[in-house]
Amino acid sequence: MARARSAGKALAASAAIGFVLLAAYSIVLIPFTPSTADLRKAKSDQPSVLMSIDGKRIATFRRSNREWVKLQQISPNVINALISTEDRRFYEHGGIDFRRTLASIAHTLTGDTQGGSTLTQQLARNLYPDEIGRSRSLTRKIKEVITALKIERAYTKDEILETYLNTVPFLYNAFGIEMAARTYFDKPAAKLSVLESATLIGMLKGTSYYNPVSNPERAQKRRNVVLSQMNKAGLLTDSALAGLKKRPIRLDFERQDEDTGPAPHFAEFVRKWLIEWADNNDYNIYLDGLVVTTTLDSRLQAAANQAVARQLAGLQAVADVEWGMASSRLLSSSMSTYAGMRRRIQPFSYFWKSRDDTVDAFVRESGAYRAAVDGGAAPAAALAQLRADSAFMNKLRDDKTRLQAGFIAMDPANGEVRAWVGSRDFQTDQYDHVARAQRQPGSTFKPFVYGAALVQGMLPDNTFIDKAVEIPLGGGAVWRPSDLSPPSNQSMTLRQGLMYSKNTITAQVMQEVGPKRVVDLAVSMGVNQSKLDPVPALALGTSPVTMLEMATAYSAIANGGDYRQPVVVTRIADRNGRVLAEFEGTQRRALPAVVAQDLVDILRAAVTQGTGAAIRSQFGIQADVAGKTGTTQNNTDGWFMLMHPGLVSGAWVGFNDARVTMRSSYWGQGAHNALYVVGDFFRQAQNGRLVDVGARFGGGSVVSPMLERMDGWLGRDKHPLAVPVDPADPGPEEVAPAEPRQDELERIIEQAREAVQ
């Protein structure tokens, strides 16, 4: 007996110690649960909005795809079904139903697992999935209980019901009862019938398991359980229950796509930036109703969207037809010809038939293949099975052969982004080809090579011989850059080399300037996020960069040599209109104004009589513009950059997988793909008077550029990009800059004096 008493005392002591430790641990966890202020914010749930510079709403930042409705706007059938099934004593407990909790523990111990959470506890999980989570752990459960008790203090019972029904998930990107009603029954929540309400509430036990779309029989059984619970609660008569249980589930299903707005990639870029700002300034972009004024112009954005959609549809027809035929000859220089033929040809059929190794590689790189092999399938068997799966292969073909594009337009004077298209369709490809995708820029990189040469003292009229070039790379390797046409062995000026995009001339210029100086200049002008390899081949754009970087660097040229940091937001205000912060980009000198002017003059000729001539001849652009085309090896990437004093725009066209390219050299050139996107956009901007057609580069200044050229010649060592060179030992890449002829210098000085007079 004494031994039993002793054991009982020990057990009681252990229980007391355990209770104290549990209480202490719970107190420790309190600071790690949402505060009362956070809970009140979550109930108000005022998302931040993005506004364009011309006052149009372009995006709304919500936690999820839902539309908040008041409790009075929800059918009473929903509320009756919810309370009778999920929490019958909802109006009696203070957040925790101890009777139900103890009962669920008892059932679980006997092998019949049951949930004991109240609606308030479930709401805690719905509101704070990251802070609380759904793992089976003591810590999670304690945090859930603490948060539920806080919710009961912060909300009334009706507010808890309203918040719960507006935050619960229902699959298919539908959150909240309103979006669920529209998704499954194509009606507002206020008009849900008893059967429809019971079906949706029945899903809460397991949305995927009781999904009425994919598992109608299972969903019907669960719906009938909800109806029975309503009957037990006295909310449904026996006769009504008997009649309703026999009825099948009738859906009017339609996915509710989230409104992504006119510039979804831009909005996503801003969202990531805004989250960091909000965290540092104690705001929540999903709850605090911030009003964010961006730099985007909705009219230019609409023009960009239309240009990408229109030109990429035509170029897709070109790719589909050219790869659908065995012959590789060019069929036409008109996209309309291919559009007419596309209906009679299986797109890319020749590509898929003739490139078995590439197709096998595509399959092996897929998630389905990795899952099959990880599941125990032999690699060869997994490959064969997937290649025989028509649904899988059709999707693979669509993904791999969908031509993509990236487009951006910005104001060079202040760095403000005016238009941004990250892909053809955000729903099918959310990868941003403006700020994230790094692709080889090809010849659009050449202005940095020639710019570095001009900074070091070369003149646009300096000459080189268009000849075969061999550049030793070390280790016996030799680089032999070439052009589409053979060398003419004639002299060409720097101006002609850039205007006609001659690789042989550009490679020689790079040899004289040195790759390091070219890298330094490109970085200074805005190509400062991607890694540039300081090798001779960089002259032809071999280092991948982003469209955003290239637009920034070309803006520096258009802005007279001044770099402006890209800007996407100008102001942030609270929900009452009080300005919280204002922003503008940093500015610094990137290259001398005279060099920028020389580059503009050369690239102006490139769109008049050089590789970008279609801008004027085909799109009728009459404004003062300058630009550069770019094409990479095997027609993998097409680029075009266009400068105007008030708007710099650029486009990239290609396939996400570099193993898929445009087939013909004609349509693979940036002059015949990316240029079309930019030309279409600028023509719309010009015709809509969204750009000042009368603006001219340089602002009419005559004296200043001449004097700056004199300063550049006489004091080059003061320029931040100049590298001191020992004339006796210039090194393998760093070559002493050419000195201007004395008579040329005297002529420029005399002209400057005359202009001043």
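The values are calculated or read from the model by the stated rules, or taken from the named source; none is laboratory data. On a predicted model such as this, the values are computed, not experimentally measured, just so you know. Counting neighbours? That spans all protein chains shown, and the Cβs are built from the backbone with ideal geometry, glycine included. We work out accessible area using only protein heavy atoms, side chains counted, and drop any ligands, DNA or RNA first. Shrake-Rupley method; radii C 1.70, N 1.55, O 1.52, S 1.80 Å.
Could we say that Thr101 is more than 25 Å from Ala189 (Cα to Cα), open to solvent by 50 Å² or more (accessible area, probe 1.4 Å), at pLDDT below 80 and of a type in the set (Val, Ile, Thr) here? For Thr101, the condition - more than 25 Å from Ala189 (Cα to Cα), open to solvent by 50 Å² or more (accessible area, probe 1.4 Å), at pLDDT below 80 and of a type in the set (Val, Ile, Thr) - is not met. Looking only at residues in the stretch 405-425 that are acidic (Asp, Glu) and not in a strand (DSSP E or B), the one that is least open to solvent (accessible area, probe 1.4 Å) is Asp411. Within the stretch 529-549, if we keep just the residues that are closer than 22 Å to Gly561 by Cβ and in contact with an Asp or Glu (Cβ under 7 Å, 6 or more places away or on another chain), the residue that is least open to solvent (accessible area, probe 1.4 Å) turns out to be Ser530.
Looking at the structure I just gave you, is Thr207 touching a strand residue (DSSP E or B) at 6+ places or on another chain (Cβ under 9 Å), at pLDDT 90 or above, of a type in the set (Ser, Thr, Tyr) and surrounded by fewer than 23 Cβ atoms within 10 Å (Cβ to Cβ)?
yes
Sort out which residues of the stretch 299-320 are more than 18 Å from Gly650 (Cβ to Cβ), touching a helix residue (DSSP H, G or I) at 6+ places or on another chain (Cβ under 6 Å) and either modelled with pLDDT under 95 or open to solvent by 10 Å² or more (accessible area, probe 1.4 Å) (or both), and write them in order of number. Answer for the stretch 299-320, where residues must be more than 18 Å from Gly650 (Cβ to Cβ), touching a helix residue (DSSP H, G or I) at 6+ places or on another chain (Cβ under 6 Å) and either modelled with pLDDT under 95 or open to solvent by 10 Å² or more (accessible area, probe 1.4 Å) (or both): just Gly314. Checked against the criteria, Glu92 counts as at pLDDT 80 or above and under 23 Å from Val225 (Cβ atoms). Of all the listed residues (Gln385, Gln346), the sole one being open to solvent by 80 Å² or more (accessible area, probe 1.4 Å), in a helix (DSSP H, G or I) and either more than 19 Å from Arg402 (Cα to Cα) or not acidic (Asp, Glu) (or both) is Gln385.
When restricted to residues that are under 22 Å from Val625 (Cα atoms) and either open to solvent by less than 20 Å² (accessible area, probe 1.4 Å) or touching a helix residue (DSSP H, G or I) at 6+ places or on another chain (Cβ under 6 Å) (or both), the stretch 573-608 contains 16. Checked against (1) farther than 18 Å from Ala605 by Cα; (2) part of a helix (DSSP H, G or I); (3) open to solvent by 30 Å² or more (accessible area, probe 1.4 Å), Arg495 passes all but a single condition, namely (1).
When Arg397, Arg402 are checked against the criterion of being open to solvent by 30 Å² or more (accessible area, probe 1.4 Å), under 26 Å from Gly314 (Cβ atoms) and free of Cβ contacts under 8 Å to residues at least 60 places away in the same chain, a single residue qualifies: Arg397. Selection of first residues in the stretch 350-371 that are closer than 14 Å to Asp657 by Cα and of second residues that are open to solvent by 60 Å² or more (accessible area, probe 1.4 Å), restricted to Cβ pairs under 7 Å at least 6 apart or on distinct chains, gives the following pairs, ordered by first then second residue: Thr358/Arg659; Val363/Arg387. The residues of the stretch 179-198 that are without any contact (Cβ under 8 Å) to a residue 60 or more places away in the chain and either farther than 17 Å from Asn166 by Cα or open to solvent by 10 Å² or more (accessible area, probe 1.4 Å) (or both) amount to a single one, Leu195. Within the stretch 400-410, one or more residues are in contact with a strand residue (DSSP E or B) (Cβ under 6 Å, 6 or more places away or on another chain) and among the aromatic types (Phe, Trp, Tyr).
Please determine whether any residue of the stretch 251-271 is modelled with pLDDT of 95 or more, open to solvent by 70 Å² or more (accessible area, probe 1.4 Å), closer than 25 Å to Ala409 by Cβ and in contact with a strand residue (DSSP E or B) (Cβ under 9 Å, 6 or more places away or on another chain). Checking the stretch 251-271: at least one residue is modelled with pLDDT of 95 or more, open to solvent by 70 Å² or more (accessible area, probe 1.4 Å), closer than 25 Å to Ala409 by Cβ and in contact with a strand residue (DSSP E or B) (Cβ under 9 Å, 6 or more places away or on another chain). If only residues of the stretch 498-527 that are more than 19 Å from Ala590 (Cβ to Cβ) and either in a loop (DSSP other than H, G, I, E, B) or of a type in the set (Lys, Arg) (or both) are counted, the one that is nearest to the chain's Cα centre (by Cα) is Ser501.
Count of the stretch 447-470 residues, restricted to those that are part of a loop (DSSP other than H, G, I, E, B) and under 19 Å from Val594 (Cα atoms), is 7.
Every test in (1) under 23 Å from Gln684 (Cβ atoms); (2) of a type in the set (S, T, N, Q); (3) open to solvent by 20 Å² or more (accessible area, probe 1.4 Å); (4) in a helix (DSSP H, G or I) is passed by Thr444 save one, and that test is (3). Summed over the stretch 497-541, residues that are farther than 19 Å from Ala477 by Cβ and among the acidic types (Asp, Glu) total 2. The one condition from (1) of a type in the set (Val, Ile, Thr); (2) open to solvent by 10 Å² or more (accessible area, probe 1.4 Å); (3) within 23 Å of Leu538 (Cα to Cα) that Val691 does not meet is (3).
Residue count for the stretch 356-378 under the criterion of being under 13 Å from Lys400 (Cα atoms) and open to solvent by 50 Å² or more (accessible area, probe 1.4 Å): the result is 1. Test Thr444 against the stated conditions and say whether it is in contact (Cβ under 8 Å) with a residue 60 or more places away in the chain and β-branched (Val, Ile, Thr). Spelling it out, Thr444 is indeed in contact (Cβ under 8 Å) with a residue 60 or more places away in the chain and β-branched (Val, Ile, Thr).
What number of residues in the stretch 639-667 are free of Cβ contacts under 8 Å to residues at least 40 places away in the same chain and crowded, with 24+ Cβ neighbours inside 10 Å? Going through the stretch 639-667 one residue at a time, the tally reaches 0. Inspect the stretch 157-176 for any residue being free of Cβ contacts under 8 Å to residues at least 12 places away in the same chain and open to solvent by 10 Å² or more (accessible area, probe 1.4 Å) and give the result as yes or no. Within the stretch 157-176 (the criterion being free of Cβ contacts under 8 Å to residues at least 12 places away in the same chain and open to solvent by 10 Å² or more (accessible area, probe 1.4 Å)), the answer is no, since none of the residues qualifies.
Pairs are defined by a Cβ separation below 9 Å, a sequence spacing of at least 6 or placement on different chains, a first member in the stretch 528-550 that is part of a loop (DSSP other than H, G, I, E, B), and a second member that is surrounded by 21 or more Cβ atoms within 10 Å (Cβ to Cβ) and hydroxyl-bearing (Ser, Thr, Tyr); the pairs so defined are Asn528/Thr552; Gln529/Thr546; Ser530/Thr546; Gly541/Ser443; Gly541/Thr444; Gly541/Thr632; Thr542/Thr632.
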